[in-house]
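Trainee: Below you'll find the structure I mean.
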């Protein structure tokens, strides 16, 4: 997305709100470190659970670039779009997040970001699809970067 005016700092969204949004809602989300984009818990967990970074997106010139994969869960459009891709239109489906997968020895092989499951009228699984969500990577220690050293890759 393009912006009409680029600020002097790289932060586009903080805890789900534009950096210049000083509304009561924005203040509440920042005060309680909440995530409005359907994180698995109410709070932001980006970087650290106790002291989360809270940055959803940054500016790259005049463009806004998402830096947190949870940001893509807004209104669950990512799940809806994926379901439209994976399944016939008339199928029922649901989505699960952070689904742990095991290797052949039963050890954790990591998590899948979003798994969509299509089911019939009695709840039998008909099909599934999985999504691995990637956001832009910020190199370096993001807690100590200034706007002149922040490098979007």
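Trainee: For a bin width of 5 Å, list the pair-distance distribution of the stretch 76-131 built from all Cα-Cα distances, rounded to whole %.
Mentor: 4, 19, 26, 20, 16, 9, 5, 0
Trainee: Largest first, please: the extent of the C-alpha atoms of the stretch 1-103 along each principal axis, to the nearest Å.
Mentor: 46, 33, 31
Trainee: Treat the count of other C-beta atoms within 10 Å as a stand-in for reagent exposure and order 50, 80 from fewest to most.
Mentor: So the ranking, lowest neighbour count to highest, is 50, 80.
Trainee: Compute the length gained on full extension between residue 74 and residue 127: take 0.36 nm times their separation in residues and subtract their Cα-Cα distance, giving the result in nm to one decimal.
Mentor: Between residue 74 and residue 127, full extension yields an extra 16.7 nm.
Trainee: With the crude spin-label approximation of a point 7 Å out along Cα→Cβ, what separation in nm comes out for residue 105 versus residue 120?
Mentor: If labels sit at residue 105 and residue 120, their model points lie 3.9 nm apart.
Coordinate-derived values only; no laboratory data. These numbers come from a predicted model, not from an experiment. Heads up, the Cβs are rebuilt from the backbone with ideal geometry, glycines too, and the neighbour counts pull from every protein chain shown.
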